[in-house]
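Notes to accompany the following structure.
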Amino acid sequence: MIKEYRTVEQIVSPLMMVREVEGVTYDELVEVELHDGSIRRGKVLEVNGDTAVVQLFDSAAGINLAQSKVRFLGHPLQLGVSADMLGRVFNGMGEPIDGGPAILAEEYRDINGLPMNPAARDYPNEFIQTGVSTIDGLNTLVRGQKLPIFSGSGLPHANLAAQIARQAKVRGDEASNFAVVFAAIGITFEESEFFVSEFKRTGAIDRTVMFSNLANDPAVERISTPRMALTAAE
């Protein structure tokens, strides 16, 4: 049974201290209900005796210490996954931001993942052609592989990333199910709109799951965005 606590002792954004808690574990998901009924989320960063330190995902502005209710949900941050995610755009917390309906999840996956036995992996032998010669010839991709792109201001990273997502295909297996999970971290609103419009213009959105973390989103989303994308891919 989920308990509610009104024992918030201190908030130093983005950290909140809750006392007299029971059965709380590290990385557990937390809901904070404000006096107006709105909900903010966080996760347990540290547990010391009956005191838990919670890292808030959103701003601490407006949280009243005496009137706020804290609920520990008993599980870490999860992503609801389904085939319906194809063609959709999500924020760094896995919430739809494209104006469409919420995803009816077939199952919920822990975004922190589990250790994998390397010997249990299938041998990577399905070549992915991106159409970018330096990648295809010098840093060849195979199905299931990750491709990080790091860039700085003024460089054409958006064009390159959109081109790769648009052109990527598995050679000799045109009819197979092939999807791209695309995650952008710390980008501007204009860049996010560019990716969405470019994918829609070329039709690549139909086989793409997109996660977009904007520069003005909470900093904690920078950590969760790649984990959300990897969970969706798996």
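The values are calculated or read from the model by the stated rules, or taken from the named source; none is laboratory data. Predicted model, so just to flag it, every value in this text is computed and none were measured. Here the Cβ is made from the backbone with ideal geometry for all residues, glycine too, and neighbour counts use every protein chain on show. The protein model used for the area step is the full one, side chains on, heavy atoms only, and it has no ligands, DNA or RNA in it. Shrake-Rupley method; radii C 1.70, N 1.55, O 1.52, S 1.80 Å.
Determine how large the accessible area of residue 57 is when every protein chain is in place; take a 1.4 Å probe and give Å² rounded to the nearest 10.
20
Project the alpha carbons of region 42-125 onto their principal axes and report the range along each, largest first, in whole Å.
Per principal axis, max minus min of the Cα coordinates gives 57, 38, 19 Å.
Give me the 1.4 Å probe accessible area per residue for the chain, excluding ligands and nucleic acids, in Å².
Value for the chain: 58 Å² per residue.
Expected output is a single nm value to one decimal: the length gained when fully extending between residue 146 and residue 12, i.e. 0.36 nm times separation in residues minus the C-alpha distance. What is it?
Roughly 44.6 nm would be gained on extension.
Straight-line reach only, C-alpha to C-alpha below 28 angstrom: list the lysines that residue 146 could link to, leaving out same-chain residues fewer than 8 apart.
Within reach: 43, 169, 200.
Measure off, as a whole percent, the carbon and sulfur share of the 1.4 Å-probe accessible area of the chain, all protein chains present.
Its accessible area is 51 percent carbon and sulfur atoms.
At 7 Å along Cα-to-Cβ for each site, give me the label-to-label distance between residue 179 and residue 60 in nm.
3.8
Which one is right for this structure if Cα Rg over 2.2 N^0.38 Å is calculated from it: [x] 0.98; [y] 0.93; [z] 1.16?
Evaluating Cα Rg over 2.2 N^0.38 Å on these atoms matches [z].
Counting helices only, and only those DSSP H runs with n ≥ 4, report the 222 nm mean residue ellipticity of the chain as the sum of -39,500 (n - 2.57) divided by its residues, in deg cm²/dmol to the nearest 500.
Roughly -5500 deg cm²/dmol at 222 nm, from the helical runs in the chain.
Using the Cα gyration tensor of region 92-193, with a ≥ b ≥ c the square roots of its eigenvalues, what is the shape: rounded (a/c below 1.5), prolate (a/b larger than b/c) or oblate (neither)?
Cα axes put region 92-193 in the oblate bin.
Contact order normalised by length for region 44-158, with contacts defined as Cα pairs under 8 Å and 6 or more residues apart; what percent is it?
Across region 44-158, relative contact order equals 15 percent.
Once the Cα atoms of helix 221-233 and of the chain are each reduced to a long axis, what angle between those two axes, in degrees from 0 to 90 to the nearest 10, is obtained?
With rounding to tens, the tilt is 50 degrees.
Nearest 10 degrees, 0 to 90: what angle lies between the long axis of helix 189-202 and the longest principal axis of the chain (Cα atoms)?
40
Using only Cα atoms, find the angle between the long axis of helix 157-167 and the longest principal axis of the chain, and express it within 0 to 90 degrees, rounded to the nearest 10.
Once rounded, the angle reads 60 degrees.
Between region 174-234 and region 138-152, how far is it from one alpha carbon centroid to the other, in angstrom?
If you average the Cα positions of each part, the centres end up 15 Å apart.
Can you figure out the FRET efficiency of residue 102 with residue 69, using R₀ = 25 Å and their beta-carbon distance, to the nearest 0.05?
FRET efficiency, residue 102 to residue 69: 0.60.
If I take every Cα pair under 8 Å that is 6 or more residues apart in region 181-225, average their sequence separation and divide by the length, what percent do I get for the relative contact order?
It comes to 55 percent, rounded to a whole number.
Normalised by the number of residues in region 91-234, what is the relative contact order in percent for Cα pairs under 8 Å and 6+ residues apart?
31 percent.
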